[in-house]
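Comments concern the structure below.
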Amino acid sequence: QVKLLQSGAALVKPGASVKMSCKASGYTFTDYWVSWVKQSHGKSLEWIGEIYPNSGATNFNEKFKGKATLTVDKSTSTAYMELSRLTSEDSAIYYCTRAGDSGFDYWGQGVMVTVSS
Amino acid sequence: DIQMTQSPASLSASLEEIVTITCQASQDIGNWLAWYQQKPGKSPQLLIYGATSLADGVPSRFSGSRSGTQYSLKISRLQVEDPGIYYCLQGYSAPWTFGGGTKLELK
């Protein structure tokens, strides 16, 4: 069965960076785009960007360009997102999700990032 | 960017009641519309894709429809496990955008 297992919660200081992972299993990792989605506390969902593991091609929401960097390690079927120059506005839950034929069909469990000194 | 205006923001309904949630797209998105359910502390779960197609394992009391650029999610007979927050998502043009969410509670 398809699973996306994300790394654990992170507490980071303002101005620092954080890198989180999303390990895929149960399907051919290189065949599907992986997207990242932000959910601020009590708010809706925002699409950050996506990466195609086979080629490393990426697309970003303009709002997150310069903030998020997406990479993959095909050898371990793992996608990564790094967020830089963190502020309190970056405190949120971040999800990875697979873009299947029917849209975002499988989601990771989410990573809670807290930015605090 | 395509804006997805979702309504109502919240709603309270009784067991077995019919519930309808709508999303209005700011431009034509064809059938590139999905619906998700999110329960507290959990990730979103796909309910409907292609505006009207039921995702695997989703109960048949959930259905989706389209009228022009307005999309609806209907729960035909509300069950105790259905409360949560519902979101629409347009997959027509990047950046993919979500509606603001509808919080559904049991009365």
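Residue check: B:SER67 meets all listed conditions (1) free of Cβ contacts under 8 Å to residues at least 12 places away in the same chain; (2) facing chain A (nearest Cβ under 10 Å) but one, namely (2).
Number of residues in the stretch A:9-65 that are acidic (Asp, Glu), farther than 25 Å from B:LYS39 by Cα and facing chain B (nearest Cβ under 10 Å): the value is 1.
Please determine, by comparing only the residues of the stretch B:79-97 that are under 13 Å from the mean Cα position of the chain (by Cα) and of a type in the set (A, V, I, L, M), which one is nearest to B:MET4 (Cα to Cα). Here the answer is B:LEU89. Per the listing B:GLY100, B:GLY30, B:GLY50, B:GLY84, the residue uniquely surrounded by 13 or more Cβ atoms within 10 Å (Cβ to Cβ), over 28 Å from A:ILE93 (Cα atoms), among the small types (Gly, Ala, Ser) and within 14 Å of another protein chain (Cβ to nearest Cβ) is B:GLY30.
A quick yes/no check of all residues on (1) under 13 Å from the mean Cα position of the chain (by Cα); (2) closer than 27 Å to A:SER40 by Cβ; (3) free of Cβ contacts under 8 Å to residues at least 24 places away in the same chain:
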{"residue": "B:SER12", "(1), (2), (3)": "no, yes, no"}
{"residue": "B:VAL19", "(1), (2), (3)": "yes, yes, no"}
{"residue": "B:SER53", "(1), (2), (3)": "yes, no, yes"}
{"residue": "B:SER60", "(1), (2), (3)": "no, no, yes"}
{"residue": "B:SER72", "(1), (2), (3)": "yes, yes, no"}
{"residue": "B:LEU104", "(1), (2), (3)": "yes, yes, no"}
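For the stretch A:75-100, a residue qualifies if it is among the charged types (D, E, K, R) and surrounded by fewer than 17 Cβ atoms within 10 Å (Cβ to Cβ), and the qualifying residues are A:GLU82, A:ARG85, A:GLU89. Between A:SER77, A:SER91, A:SER102, the distinction of being among the small types (Gly, Ala, Ser), in contact (Cβ under 8 Å) with a residue 40 or more places away in the chain and over 16 Å from A:LYS38 (Cα atoms) belongs to A:SER77 only. Scoring B:GLY100 on the criteria (1) within 14 Å of the chain's Cα centre (by Cα); (2) assigned to a strand (DSSP E or B) leaves a single failure, condition (2). The residue that is surrounded by the fewest Cβ atoms within 10 Å (Cβ to Cβ), among those in the stretch B:87-97 that are facing chain A (nearest Cβ under 7 Å) and under 13 Å from B:GLY50 (Cβ atoms), is B:GLY91.
Only one entry in A:VAL12, A:VAL72, A:VAL34 is surrounded by fewer than 20 Cβ atoms within 10 Å (Cβ to Cβ) and touching a residue at least 12 places away in the same chain (Cβ under 8 Å), namely A:VAL12.
Picking from residues in the stretch A:101-115 that are at the interface with another protein chain (Cβ under 10 Å from one of its Cβ atoms) and either out of contact with any strand residue (DSSP E or B) (no Cβ under 7 Å at 6 or more places or on another chain) or of a type outside the set (Gly, Ala, Ser) (or both), the one that is surrounded by the fewest Cβ atoms within 10 Å (Cβ to Cβ) is A:ASP101. Among the residues making up the stretch B:34-44, those that are at the interface with chain A (Cβ under 9 Å from one of its Cβ atoms) and touching a residue at least 12 places away in the same chain (Cβ under 8 Å) are B:ALA34, B:TYR36, B:GLN38, B:PRO44.
Since every read-out is calculated from the coordinates, none of them should be taken as a lab result. Just so we're clear, the structure is a prediction, and the values are computed from it rather than from any experiment. Note that each Cβ is placed from the backbone with ideal geometry, even for glycine, and that neighbours are counted across all protein chains shown.
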